[in-house]
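The values are calculated or read from the model by the stated rules, or taken from the named source; none is laboratory data. Remember, predicted model here, so these are calculated numbers, not experimental data. Quick reminder, even Gly has a Cβ in these numbers, built from the backbone with ideal geometry, and neighbours come from all protein chains shown.
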Amino acid sequence: MAYADLREYVAALEKKGKLKRVKKEVDKDWELAAVCRQLFKKIPPQNRPALIFENVKGFSIPVVAGVLGASREIYAIGLEADSVEGINRKWDHALGHPIAPRMVKEAPCKENILHGKDVDITKLPIPIWTVGQDPGPFFTSPYVITKDPETGVRNIGTYRMEVKGSNKTGFLIGKHQDASWHLRKNNALNKPTPVAVVIGADPSIGYVSVSKMSEALDEFAVAGALRGAPVDLVPCETVPLEVPATAEIVLEGEIPPNALEHEGPFGEYTGYMGPAGNEPFFNIKCMTFRNKPLYQAFISQMPPSESSCIRGVGREWPLFKHLKDTLHIPIRDVRLKEAGGSGAFLVISLKKQFEGQVKQLMYGAWSLRTGFGKITVVVDDDVDVWDDFAVDWALSWHVRPDRDIHIETNVQAVGLDPSQAPASVPQHHPSRYIGSRVAIDATRKHEYPALSLPPKEHLDIVASRWKEYGIED
Ligand SMILES: Cc1cc2nc3c(=O)[nH]c(=O)nc-3n(C[C@H](O)[C@H](O)[C@H](O)COP(=O)(O)O)c2cc1C
Ligand SMILES: [Mn+2]
């Protein structure tokens with residue numbers, strides 16, 4: 001049964017032992033980010049819980065963090081998938097079978113409505129993430145809803161929002177993001193862009209918000225398909241947009257046309273500070289929220305993080321499908337490594353049919369409208385892309401550098417890649433957008449000798465008698 005809202009989902013996580021309540025008082029301006037970092041450092045993904053900070057110093061609203069993706073195991077619970085492996089099946093089905101959202105009258109998100117001067121986002125427990133470097137608190141899990149002014153198609157995207165006052169935030173919207181096109185179309189007509197920002201909703205909406213999909217799709221319909229039931233929507237109070245009826249908090253307003261203000265810097269998903277620059281900003285006219293709202297944050301910054309987990313899952317599957325079903329290349333698996341922020345570093349396993357196929361695969365992977373795969377490694381299908389040691393082994397013994405390394409120049413760079421330009425170069429300088437890529441063909445190019453391992457039947461016999469050797473208790 002689909003989760004009705006964030007709170008129902010958080011309760012489900014707790015029931016499955018995947019949520020810890022932090023009852024100790026925590027300062028959102030330095031301590032909360034450090035707790036989240038230690039969560040990732042100290043606890044391996046299989047055991048890592050999501051967190052609810054119940055006692056945020058100076059605030060009555062709790063903060064939940066890690067609930068969408070402190071690990072892939074948690075992601076699977078968020079999608080109601082039967083296992084981590086089942087996540088891709090859910091996505092596969094959802095993109096092929098969208099369920100249109102449904103307009104409803106009853107909406108808990110309207111339990112409290114504030115207009116104009118009564119709006120004060122500084123009353124929300126918005127954490128500071130990279131303390132000492134970020135200029136102040138940032139929203140890290142906004143679901144930003146806009147409409148294409150030409151087609152009317154709705155979009156949901158997650159773009160960082162710097163708190164700039166009681167009713168104003170900055171926005172960093174990458175040049176290739178869907179909302180960026182909406183802005184550009186409105187700017188051309190000198191019209192403001194209406195925006196609704198949702199903080200906290202049922203998990204399917206968050207997974208869709210951080211995933212790239214065709215701009216022709218209504219992302220609420222994809223969220224509906226992921227959860228197996230339509231998303232209930234209600235009209236906003238002050239802008240011509242719709243929001244999930246059970247959202248925890250909604251901010252309504254607009255981005256004024258052709259106006260920029262200083263924004264950033266911000267500790268980014270690459271593990272480095274992202275540059276500051278001049279960016280659009282958001283004037284908030286109205287805020288609606290549920291009684292006893294939850295504030296949700298995504299844990300981002302240095303990978304691994306919730307951000308690299310949820311972006312990785314939402315990207316591997318479309319890439320897999322593109323290569324396998326559209327291009328008919330017999331790949332076995334695709335992995336966007338978290339060290340590369342689930343963007344820079346791509347590993348693909350291939351059941352190679354002929355020499356030269358790796359090059360075709362590399363261009364296939366690079367043909368998507370993304371910067372993924374600055375480093376692309378291709379291995380044979382007997383190498384598990386999830387086993388780092390096995391991939392290193394293939395790189396070590398299947399590669400002749402003079403023959404097997406392919407470099408392509410003048411292609412889309414990975415967003416916010418700090419190797420593109422020094423920090424002093426502005427955010428939107430062309431040198432930040434055009435880069436280069438390398439593919440390393442780590443497949444075997446000729447017949448190899450046998451592996452230096454005991455025969456499999458001997459290994460199986462010993463494994464079945466393992467206790468008898470008295471080596472492990
Ligand atoms: C925690 C987190 C923060 C993000 N921050 C930004 C951001 O500040 N700017 C941006 O352009 N994309 C950001 N992204 C990536 C976008 O959410 C992602 O590319 C998504 O596909 C955008 O939606 P769209 O494809 O509908 O434009 C962030 C993702 C996550 C998970
Ligand atoms: Mn989109």
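Please list, ordered by first then second residue, the pairs with beta carbon atoms under 8 Å, 6 or more apart or interchain, first in region 310-333 and closer than 17 Å to residue 89 by Cβ, second within 16 Å of ligand 2 (Cβ to nearest atom) and of a type in the set (S, T, N, Q).
From residues that are closer than 17 Å to residue 89 by Cβ, the pairs are 314/211; 315/211; 315/370; 318/211.
Do you know which residues across region 5-25 are surrounded by 21 or more Cβ atoms within 10 Å (Cβ to Cβ) and in contact with a Phe, Trp or Tyr (Cβ under 7 Å, 6 or more places away or on another chain)?
9
What do you reckon, is residue 337 surrounded by fewer than 21 Cβ atoms within 10 Å (Cβ to Cβ) and charged (D, E, K, R)? Break it down into steps so the answer makes sense when it comes.
Numbers: surrounded by fewer than 21 Cβ atoms within 10 Å (Cβ to Cβ): no; charged (D, E, K, R): yes.
So residue 337 does not fit the description; no.
Give the number of residues within region 393-428 that are assigned to a loop (DSSP other than H, G, I, E, B), more than 29 Å from the chain's Cα centre (by Cα) and not β-branched (Val, Ile, Thr).
2
Name the single residue, out of those in region 145-158 being out of contact with any Lys or Arg (no Cβ under 8 Å at 6 or more places or on another chain) and surrounded by fewer than 22 Cβ atoms within 10 Å (Cβ to Cβ), that is nearest to residue 118 (Cα to Cα).
The extreme case among them is 152.
Looking only at residues that are surrounded by fewer than 24 Cβ atoms within 10 Å (Cβ to Cβ) and in contact with a helix residue (DSSP H, G or I) (Cβ under 6 Å, 6 or more places away or on another chain) in region 281-301, which one is farthest from residue 147 (Cα to Cα)?
Looking at residues that are surrounded by fewer than 24 Cβ atoms within 10 Å (Cβ to Cβ) and in contact with a helix residue (DSSP H, G or I) (Cβ under 6 Å, 6 or more places away or on another chain), I get 294.
Just to be sure before I move on: is residue 86 out of contact with any Pro (no Cβ under 7 Å at 6 or more places or on another chain) and within 25 Å of residue 254 (Cβ to Cβ) in the structure I sent?
The answer is no for residue 86.
Which residue out of 212, 185 is of a type outside the set (A, V, I, L, M, F, W, C), within 19 Å of residue 153 (Cα to Cα), out of contact with any Cys (no Cβ under 7 Å at 6 or more places or on another chain) and at pLDDT below 95?
212
How many of the residues making up region 266-313 are away from ligand 1 (no atom under 12 Å from the Cβ), under 25 Å from residue 53 (Cβ atoms) and of a type outside the set (Phe, Trp, Tyr)?
12
Of the residues 130, 158, which is hydroxyl-bearing (Ser, Thr, Tyr) and more than 16 Å from residue 219 (Cβ to Cβ)?
130
Enumerate the strands (runs of 3 or more DSSP E) found wholly within region 114-172, keeping only those where 3 or more residues are more than 15 Å from ligand 1 (Cβ to nearest atom), touching a helix residue (DSSP H, G or I) at 6+ places or on another chain (Cβ under 8 Å) and of a type outside the set (Val, Ile, Thr).
none
Please enumerate the residues belonging to region 194-205 that are under 22 Å from the mean Cα position of the chain (by Cα) and under 26 Å from residue 115 (Cα atoms). I'd like the intermediate steps shown before the answer.
To start, the set of residues in region 194-205 that are under 22 Å from the mean Cα position of the chain (by Cα) comprises 195-205.
Matches in region 194-205: 195, 196, 197, 198, 199, 200, 201, 202, 205.
Just one of (1) surrounded by 19 or more Cβ atoms within 10 Å (Cβ to Cβ); (2) within 27 Å of residue 116 (Cβ to Cβ); (3) of a type in the set (Lys, Arg) trips up residue 227, so point out which.
Going through the list (1) surrounded by 19 or more Cβ atoms within 10 Å (Cβ to Cβ); (2) within 27 Å of residue 116 (Cβ to Cβ); (3) of a type in the set (Lys, Arg), residue 227 breaks only (2).
Any residue at all in region 230-237 that is within 10 Å of ligand 2 (Cβ to nearest atom), within 24 Å of residue 107 (Cβ to Cβ), in contact with a Lys or Arg (Cβ under 6 Å, 6 or more places away or on another chain) and not assigned by TED's automatic domain parsing to the domain that holds residue 371?
Going residue by residue through region 230-237, those that are within 10 Å of ligand 2 (Cβ to nearest atom) are none.
Looking through region 230-237, none of the residues is within 10 Å of ligand 2 (Cβ to nearest atom), within 24 Å of residue 107 (Cβ to Cβ), in contact with a Lys or Arg (Cβ under 6 Å, 6 or more places away or on another chain) and not assigned by TED's automatic domain parsing to the domain that holds residue 371.
Does region 411-423 hold any residues that are in contact (Cβ under 8 Å) with a residue 40 or more places away in the chain and exposed (fewer than 13 other Cβ atoms within 10 Å of the Cβ), and which are they?
423
Whether any residue in region 130-144 is over 30 Å from residue 55 (Cα atoms) and surrounded by fewer than 21 Cβ atoms within 10 Å (Cβ to Cβ) is what I want to check.
Within region 130-144, none of the residues are over 30 Å from residue 55 (Cα atoms) and surrounded by fewer than 21 Cβ atoms within 10 Å (Cβ to Cβ).
Sort out which residues of region 159-193 are surrounded by fewer than 21 Cβ atoms within 10 Å (Cβ to Cβ), among the small types (Gly, Ala, Ser) and closer than 24 Å to residue 117 by Cα, and write them in order of number.
Selection gives 165, 166.
Test of understanding: among 237, 254, 261, 242, which residue is acidic (Asp, Glu) and under 30 Å from residue 303 (Cα atoms)?
261
Mind counting the residues in region 391-405 that are over 13 Å from residue 345 (Cβ atoms) and buried (at least 16 other Cβ atoms within 10 Å of the Cβ)?
Qualifying residue count for the region: 4.
Could you list, in sequence order, the residues of region 199-227 that are away from ligand 2 (no atom under 11 Å from the Cβ) and touching a helix residue (DSSP H, G or I) at 6+ places or on another chain (Cβ under 7 Å)?
200, 201, 202, 203, 204, 205, 207, 223, 225, 226, 227
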